[in-house]
Amino acid sequence: MPFEPPPRKLDPELLQALEPLKCARLFQQGSALFAQGSPATGVYLIESGEVRVLLPTVHNQRQLLEVVGAGTILGLSETMSGETYPITAEAVEETEASFIPRAEFLEFLRGHVDFCMQVVRLLSDDLHALYHKFRSISAHPGRPRHRSLNEQLN
């Protein structure tokens, strides 16, 4: 049975607690929430719409990793570590996403230890899902791995 990655969604209690920190933004179809290589300035909570998660390839193209929807958090690992975003997140359609700046998010977690464990669980789920994705790729070495975005969407 193939591994189905868990959705990166926050519990309703955590979503409610984050409400005062959120700043809603509207992204038009095709616009980037954040781009690969840019500094991690915070997390994005998808409120409505869909977002493509794209990974750059060695041939200067982008590989579609997944499409995520409402309730998903993006940029969590990078916000926690202070690293740059290793992926690009792009609106598939008009999408509303709430942004929480890195400093405010980290300060919130320092004051709410109970929610830190939820964040640890989400990071663990992400790591587990990545392991299974790469395991699946290595199990099919003859399969092309780098297709253009247009090829992947058609």
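The values are calculated or read from the model by the stated rules, or taken from the named source; none is laboratory data. Nothing here was measured: the structure is a model prediction, and the numbers come from that model. All Cβ positions, even for glycine, are placed from backbone atoms using ideal geometry, and neighbour counts span all protein chains on display.
Taken over the range 44-89, the criterion of being closer than 17 Å to residue 19 by Cα, surrounded by fewer than 19 Cβ atoms within 10 Å (Cβ to Cβ) and in contact with a Gly (Cβ under 9 Å, 6 or more places away or on another chain) is satisfied by 47, 48, 70.
Any idea which of 113, 119, 92 is surrounded by fewer than 19 Cβ atoms within 10 Å (Cβ to Cβ) and modelled with pLDDT under 90? Before the answer, list the steps.
On the way: 119 fails: surrounded by fewer than 19 Cβ atoms within 10 Å (Cβ to Cβ); 92 fails: modelled with pLDDT under 90.
Within the list 113, 119, 92, the selection yields 113.
Scanning the range 27-66 for residues that are closer than 22 Å to residue 10 by Cα and not in a strand (DSSP E or B) returns 40, 41, 49, 50. Every condition in (1) in a loop (DSSP other than H, G, I, E, B); (2) in contact (Cβ under 8 Å) with a residue 40 or more places away in the chain is met by residue 70 except one, and the failing one is (2).
Can you tell me how many residues within the range 5-26 are assigned to a loop (DSSP other than H, G, I, E, B), of a type outside the set (D, E, K, R) and within 29 Å of residue 111 (Cα to Cα)?
First pass over the range 5-26, keeping only residues assigned to a loop (DSSP other than H, G, I, E, B): 5-8, 10-11, 22.
Imposing the further condition that a residue be of a type outside the set (D, E, K, R) reduces the set to 5-7, 10.
After this cut, where a residue has to be within 29 Å of residue 111 (Cα to Cα) as well, the list is 6-7, 10.
Total satisfying the criteria: 3.
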